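Peer 1: Attaching a single structure in structure tokens format; questions to follow.
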There are 2 protein chains.
Amino acid sequence: MSTSVGIVSAQRASFDTPLVCKSGAVLSRYELVYETYGTLNADRSNAVLVCHALSGNHHVAGYYADNPKNVGWWDTMIGPGKPVDTNKFFVIGVNNLGGCHGSTGPASINPETGKPYGSQFPVVTVEDWVASQARLADQLGIRQFAAVMGGSLGGMQAMQWALSFPDRVRHVLTIAAAPRLTAENIAFNDVARNAILTDPDFHGGDFYEHGVVPVRGLRLARMLGHITYLSDDVMADKFGRSLRSGKLGYGYGVEFEIESYLRYQGDKFAGYFDANTYLLMTKALDYFDPARDFDDDLDRAFAAARAAFLVISFSTDWRFSPERSRAIVNALLHNRRDVSYAEITSAHGHDSFLLQHEHYHDVVRAYLERAWNEVAA
Amino acid sequence: MSTSVGIVSAQRASFDTPLVCKSGAVLSRYELVYETYGTLNADRSNAVLVCHALSGNHHVAGYYADNPKNVGWWDTMIGPGKPVDTNKFFVIGVNNLGGCHGSTGPASINPETGKPYGSQFPVVTVEDWVASQARLADQLGIRQFAAVMGGSLGGMQAMQWALSFPDRVRHVLTIAAAPRLTAENIAFNDVARNAILTDPDFHGGDFYEHGVVPVRGLRLARMLGHITYLSDDVMADKFGRSLRSGKLGYGYGVEFEIESYLRYQGDKFAGYFDANTYLLMTKALDYFDPARDFDDDLDRAFAAARAAFLVISFSTDWRFSPERSRAIVNALLHNRRDVSYAEITSAHGHDSFLLQHEHYHDVVRAYLERAWNEVAA
């Protein structure tokens, strides 16, 4: 029944108005790559923006003509007849500023020096991303999104949309997210960052000029990340204590299946992801904290929000636990906002937000049908 | 009321009978350093062996004459009038084979080559440690221990004593341990090992000859370890999202207090701990699995045990959760063994076993008073 949006291709938007980042750094000009699925309606009221998480990008659904196996990361969620129904909505995926999939980022050429930005690329924040996405919406003639949605760091961007541009988003879907990271979350990010920062091939962020890549650091960062994306249970079910060769080797090579899996994931990631992008993405996660400017009072932070919210968490997500999602829900309720909440029972930990799950998808589908009724009204 | 055992000094025992490790590797001769507190009674029935965990050593209680600040790692637990009362018991702390605090280990000179063992030091197991500890007991004239005790990896050694030498231990105290690691536990260890193995200064384990130390890898391993030893709650309480300078720096230096803490711990550890010891300690953790030889049936594995057990877990220990301790308890009960179990409510995660905690210490005290009554009877 559910089908794919089919062949897609990336588009590119250029921006010449300088973007002043929260840090004070200025990007004099930049580009964003994005994809769209479905058709923007006449009054431009059916647009849905999908924000990506740490390692995501703008390729959210469909596949490429020259590489049919490269399917978008949320293809199970988005397409004709799928929970985010492209027969109804005009869906936009955008690669974040600072990314490594086509938008201006640390590996891009700095027009002021003629060399890759590297260490000179600013530490961008969730607020900066939302500001840059709003400019893309301007270019596309979209004044108000029917919905902005995302999981994990993408869910934080969706939330920030309601705070930065209250009148430009009608619905926010924030999935497997949190109002801010805990000390433990920051600690895991810091270990991952240190793996990269102390890799001799990192060269202070200017490794491009040395013709090397801090593979060791990226690999460790990804291995560690993967552990925290999965649940203890799913790792036990999937790998347990199985040995690759069936017996102990008494050495430091790969022995347990879980080691093989993690190293494979680490190697794959280190082969395509940019180390500086990894750093700035984790920093954006650490910094996101809308309550900070309101004496840590999340209720006051959310007073500006006007959108209706769907908040979703997953039972085994220990990185962004259901408790953290309920904190968002409570802050919205204290502001008498329109909020729906679902805690999905899933074995797959934080990664659940990326996976096909009937109950989860039904919740998103039902919620967006309501959003669609508003568009169609 | 509770006092210290006072000034202590390490002793050294030499062994010339080759030790055949579980891997098949043979150590032709080796030394163990150890400390003792209290007095061995006439019939040598009051000895308590304390086994250490990953980063521990033989300096369990008291302090050194030339360094009074170097207090034993379990000094709160062991001493005159303390839960392990040295007015009653003769307590032995021993540095594990493969350690880096005086016992023969990877940094020791290999008599066959005249150079440090380095990569040639065998991967030792919990069974090998227990075998080497039994030889130390032989030298000290101790046929049977009143108790063998330890936390974490030390708790695994205590358990193994009941399996390897059922008639040589009357009581086993296994604290914050597990019958075997989960896939998630192994995964964390593998990331830590990879940090060391891929450090260019590791030189395949033979860094001693190069005059360098894989500081970066050890540092990362320790930072990661620390996260898993603490609870999410205690990190939130202790560090929260506090910033060192009070404001965001938009760079990759230390910003949050938790980062400062972790990096400090990492630096300190990398300054004294041996990278090869870290590797083999984590491998011994991964390998420990008494049920493996019994078709994963822990009940059958424990059929050999004769000792009485005290099993203790801590409510917020997510590395070795109470559930894992209950698996030990159940296997013992299925074998109709004498077993006591306490789940201690503590905010401090896995590290709880090292900390002073009234309820925890009272449980150990009460249990050992019973063991003492047997000795005195």
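Peer 1: What is the list of residues in segment A:1-42 whose amide nitrogen lies under 20 Å from a point 7 angstrom out from the Cα of residue A:66, following Cα to Cβ?
Peer 2: Under cut-off, by backbone N: A:6-13, A:32-36.
Peer 1: To continue, here is another question. Tell me, what is the per residue accessible area of segment B:196-260 in Å², probe radius 1.4 Å? Please list the in-between numbers first.
Peer 2: Details: 2600 Å² over 65 residues.
Here the residues of segment B:196-260 average 40 Å² of exposed surface.
Peer 1: Could you give each residue of segment B:37-53 its phi-based ³J(HN,Hα) in whole Hz, using Karplus coefficients 6.51, -1.76, 1.60 with θ = phi - 60°, and x for Gly or Pro?
Peer 2: Whole-Hz 3J(HN,Hα) from phi for segment B:37-53: 9, x, 10, 6, 6, 4, 8, 6, 10, 10, 8, 10, 9, 9, 9, 9, 9.
Peer 1: Of all accessible surface on the protein assembly as shown at a 1.4 Å probe, what whole percent is carbon and sulfur?
Peer 2: Carbon and sulfur: 48 percent of the exposed surface of the protein assembly as shown.
Peer 1: Near residue B:268, which lysines are there with a Cα under 23 Å away, not counting those fewer than 8 places off in the same chain?
Peer 2: Result set, ordered by chain and number: B:69, B:238, B:283.
Peer 1: Let me know the shape class of segment B:259-373, please: from the alpha-carbon gyration tensor, a ≥ b ≥ c as square roots of the eigenvalues, rounded when a/c is under 1.5, otherwise prolate if a/b is greater than b/c, or oblate. Spell out each step's value before the answer.
Peer 2: Details: a/c = 2.20, a/b = 1.36, b/c = 1.62.
It is oblate, given that a/c is not under 1.5 and a/b is not larger than b/c.
Peer 1: Sticking with this one: Each label point is 7 Å from the Cα along the Cα-to-Cβ direction; what then is the distance between the points at residue A:40 and residue A:343, in nm?
Peer 2: 4.1
Peer 1: In whole Å, what is the distance between the alpha-carbon centres of segment B:226-305 and segment A:136-207?
Peer 2: Their Cα centres are 27 Å away from one another.
Peer 1: Check each of the trypsin sites (Lys or Arg not before Pro) in segment A:300-375 and keep only those in coil by DSSP with at most 16 other C-beta atoms within 10 angstrom; list them in order.
Peer 2: Filter output for segment A:300-375: A:306, A:336.
Peer 1: May I ask what percent, to the nearest 5, of DSSP beta bridges between residues of chain A are antiparallel? Don't skip to the end; give the middle numbers.
Peer 2: Numbers: 16 of 44 bridges.
Taking every DSSP beta bridge with both residues in chain A, the antiparallel ones total about 35 percent.
Peer 1: Oh, and also: Could you give the size of the charge dipole of the protein assembly as shown about its Cα centre, using +1 on the Cβ of each K and R and -1 on the Cβ of each D and E, expressed in debye and rounded to the nearest 20?
Peer 2: The dipole magnitude comes to about 60 debye.
Peer 1: From the phi angles alone, apply the Karplus equation (6.51, -1.76, 1.60; θ = phi - 60°) to segment A:202-211 and give each ³J(HN,Hα) in whole Hz, x where the residue is Gly or Pro.
Peer 2: Residue by residue, segment A:202-211 yields 7, 6, x, x, 9, 5, 4, 5, 9, x Hz.
Peer 1: When only DSSP loop residues count, what chymotrypsin sites (Phe, Trp or Tyr not before Pro) in segment B:265-314 have their Cβ near at most 13 other Cβ atoms within 10 Å?
Peer 2: Hits after loop and neighbour filter: B:272.
Peer 1: Can I ask one more? Whose amide H sits under 5 Å from the amide H of residue B:98, counting only residues 5 or more places off or on another chain, with H placed in the peptide plane?
Peer 2: B:104, B:105
Peer 1: In addition: What's the buried accessible area, both sides, between B and A using a 1.4 Å probe, rounded to 100 Å²?
Peer 2: Counting protein atoms only, the buried area is about 5000 Å².
Peer 1: Another one. Restricting to bridges with both residues inside the protein assembly as shown, how much of the DSSP beta-bridge set is antiparallel, in percent to the nearest 5? Working shown, then result.
Peer 2: On the way: 30 of 87 bridges.
Close to 35 percent.
Peer 1: Something else about it: Have a look at segment A:213-246 and report residues whose accessible surface goes down by 40 Å² or more when the remaining protein chains are included, against the chain on its own, probe 1.4 Å, ligands and DNA/RNA excluded.
Peer 2: Correct list: A:216, A:220, A:227, A:232, A:241.
Peer 1: List every residue whose amide H lies under 5 Å from the amide H of residue A:150, counting only residues 5 or more places away in sequence or on a different chain, with H placed 1.01 Å from N in the peptide plane.
Peer 2: A:51, A:173, A:175
Peer 1: Could you pull out every residue, at least 5 positions away or on a different chain, whose amide H is within less than 5 Å of the one on residue B:313? Hs are placed 1.01 Å off N in the peptide plane, and Pro or chain starts have none.
Peer 2: Residues meeting the amide H criterion: B:176, B:342, B:343, B:344.
Peer 1: Give me the inter-chain shielding for B:256-269: mean count of other chain Cβ atoms within 10 Å, whole number please.
Peer 2: Across the residues of B:256-269, the mean count of other-chain Cβ atoms within 10 Å is 3.
Peer 1: Counting other Cβ atoms within 10 Å of each Cβ, which trypsin sites (Lys or Arg not before Pro) in segment A:1-67 have at most 15 and sit in a DSSP loop?
Peer 2: When the trypsin sites (Lys or Arg not before Pro) of segment A:1-67 are filtered for loop state and at most 15 Cβ neighbours within 10 Å, A:29 remain.
Peer 1: Moving to a separate point now. Residues of segment A:171-211 losing 30 Å² or more of accessible surface, assembly versus chain alone, probe 1.4 Å, please list them.
Peer 2: Residues of segment A:171-211 that lose at least 30 Å² of accessible area once the other chains are added: A:183, A:184, A:186, A:187, A:188, A:190, A:191, A:194, A:197, A:198, A:200.
Peer 1: Calculated from DSSP H runs of 4 or more alone, at -39500 (n - 2.57) each and per residue, what is the 222 nm mean residue ellipticity of the protein assembly as shown, nearest 500?
Peer 2: Helices in the protein assembly as shown give a 222 nm mean residue ellipticity of -10500 deg cm²/dmol.
Peer 1: How big is the equivalent ellipsoid of segment A:1-122 along its three axes, where each semi-axis is √(5λ) from the Cα gyration tensor, reported in whole Å from largest to smallest?
Peer 2: 30, 16, 12
Peer 1: Mind listing the phi-derived Karplus ³J(HN,Hα) values for segment B:120-131, rounded to whole Hz, using 6.51, -1.76 and 1.60 with θ = phi - 60°, and x for any glycine or proline?
Peer 2: Computed from phi, the couplings for segment B:120-131 are 8, 6, x, 6, 8, 10, 4, 4, 5, 4, 4, 4 Hz.
Peer 1: Right, next: If you take the Cα Rg of segment B:205-245 and divide it by 2.2 N^0.38 Å, with N the number of residues, what do you get?
Peer 2: Working: Rg = 15.6 Å, N = 41, 2.2 N^0.38 = 9.0 Å.
Cα-based Rg divided by the globular estimate yields 1.73.
Peer 1: For segment B:99-180, with equal point scatterers placed on the C-alpha atoms only and solvent neglected, what are the log10 I(q)/I(0) values from the Debye formula at q = 0.26 1/Å, to two decimals?
Peer 2: -1.19
Peer 1: How far is it, in nm, from the label point at residue A:29 to the one at residue B:233 when both lie 7 Å from their Cα along the line to the Cβ?
Peer 2: About 5.6 nm, to one decimal.
Peer 1: When the dipole is taken about the Cα centre of segment B:15-171, and only Lys, Arg (+1) and Asp, Glu (-1) are charged at their Cβ, what size is it in debye, to the nearest 20?
Peer 2: Result for segment B:15-171 is approximately 160 debye, rounded to the nearest 20.
Peer 1: Can you give me the P(r) profile for the protein assembly as shown? Cα pairs, bins 10 angstrom wide beginning at 0, each as a whole percent.
Peer 2: Pair shares across the bins are 3, 13, 22, 22, 17, 12, 8, 3, 0, 0.
Peer 1: Quick one: give the max-minus-min coordinate of the C-alpha atoms of chain A along each principal axis, largest first, in Å.
Peer 2: Taking the Cα atoms of chain A, the three principal extents are 67, 51, 50 Å.
Peer 1: Right, another one. When you have a sec, figure out the Kirkwood radius of segment A:198-301 from all distinct Cα pair distances and drop it here in Å to one decimal?
Peer 2: By the Kirkwood definition, the hydrodynamic radius is 16.5 Å.
The values are calculated or read from the model by the stated rules, or taken from the named source; none is laboratory data. These numbers were taken from a predicted model, which means no experiment stands behind them. Every residue, glycine as well, gets a Cβ built from its backbone with ideal geometry; the counts of neighbours run over all protein chains shown. The area values use the complete protein model at the heavy-atom level, side chains included, leaving out ligands, DNA and RNA. Shrake-Rupley method; radii C 1.70, N 1.55, O 1.52, S 1.80 Å.
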